[in-house]
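Please see the structure below; I have some questions.
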Amino acid sequence: MPELRTDPPPDTRGYSHWFVIVVAFFVTALITANITAVKLIDVFGFVMDAGTLIFPITYIFNDVLTEVYGYRRARRVIWLGFFCNLLAVGAISLGQAMPAAPFWEDQEAYEAILGYAPRLLFASFCAYLIGEFTNAFVLAKMKIATGGRFLWTRTIGSTVVGQGLDSAVFVVIAFTGTVPTGALIGIILVNWVFKSSYEAAATPLTYLVVNFLKRRENLDVFDRDTRFNPFLVTK
């Protein structure tokens, strides 16, 4: 088997169809999670939003992107997901604000299901950016530290840190002042444990996808010289 590339792909290199597929799944999972999050569900006695069932998938694909293609490309995809989600929210809000047809009687249902409270929306965006970038950063650094071995340690380790921050940032911004401190901590812990366990359970699948892509792309990037500023999307 030919030796895998370990340097970040240059900007002039075209994006493969495998990379595009991974990005499409990442963005779709993100937007779907935000839309379905309006419903509260009971999972073994714990109450959480339905979006929690699919949102951890974005971390799995974030792991795949960072592990195979490197932090620089993962950084661009994270911002792409952010702006795609912003577009979806804007379109939904515009549809809500437009006058309803005289014969259409479901405006209240539309607002109840698809309406966004500004505070919750701000909390969601902040948590997404902090959590996803932290996840990619930790994984990239751990990959260098382990010499590319023990993939499971960095997929799970990065998720524990990223999902922990994601859960804490969202809950603190969204519910501080409206929910008792003890309850806030409980919500954070339940979400953190569930999402991290989700990632751990998906580790065998992550291994399959990562190994498949590394062979197909002939690529295994180590971010030794990467600048990790999340705002350097052109670097």
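The values are calculated or read from the model by the stated rules, or taken from the named source; none is laboratory data. Everything quoted here is computed from the prediction, not taken from an experiment. All Cβ positions, even for glycine, are placed from backbone atoms using ideal geometry, and neighbour counts span all protein chains on display.
Would you mind stating whether L184 is over 25 Å from V77 (Cβ atoms), of a type outside the set (S, T, Y) and modelled with pLDDT under 90?
yes
On to the next question. Just checking, how many residues over the range 124-138 are within 16 Å of N229 (Cα to Cα) and small (G, A, S)?
2
Results for (1) modelled with pLDDT of 95 or more; (2) buried (at least 19 other Cβ atoms within 10 Å of the Cβ), shown as yes or no for each residue.
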{"residue": "I92", "(1), (2)": "no, no"}
{"residue": "A97", "(1), (2)": "no, no"}
{"residue": "Q107", "(1), (2)": "no, no"}
{"residue": "I113", "(1), (2)": "no, no"}
{"residue": "A117", "(1), (2)": "no, no"}
{"residue": "L139", "(1), (2)": "yes, yes"}
{"residue": "V161", "(1), (2)": "yes, no"}
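Is it the case that the range 188-202 has a residue that's surrounded by 13 or more Cβ atoms within 10 Å (Cβ to Cβ), β-branched (V, I, T) and closer than 21 Å to N34 by Cβ?
yes
Report, by residue number, each residue of the range 170-186 that is aliphatic (A, V, I, L, M) and more than 19 Å from the chain's Cα centre (by Cα).
Matches in the range 170-186: V179, A183, L184, I185.
Continuing with this model, one more query. Considering only the range 66-88, state which residues are under 21 Å from V209 (Cα atoms) and hydrophobic (A, V, I, L, M, F, W, C).
Within the range 66-88, V68, A74, V77, I78 meet the criteria.
Checking the condition crowded, with 16+ Cβ neighbours inside 10 Å, hydroxyl-bearing (S, T, Y) and over 21 Å from V22 (Cα atoms), which residue from T226, T176 passes?
T226 is the lone residue from the list that is crowded, with 16+ Cβ neighbours inside 10 Å, hydroxyl-bearing (S, T, Y) and over 21 Å from V22 (Cα atoms).
Is it the case that I92 is under 19 Å from S124 (Cα atoms), part of a helix (DSSP H, G or I) and touching a Pro at 6+ places or on another chain (Cβ under 8 Å)?
Taking the combined requirement at face value, the residue does not satisfy it.
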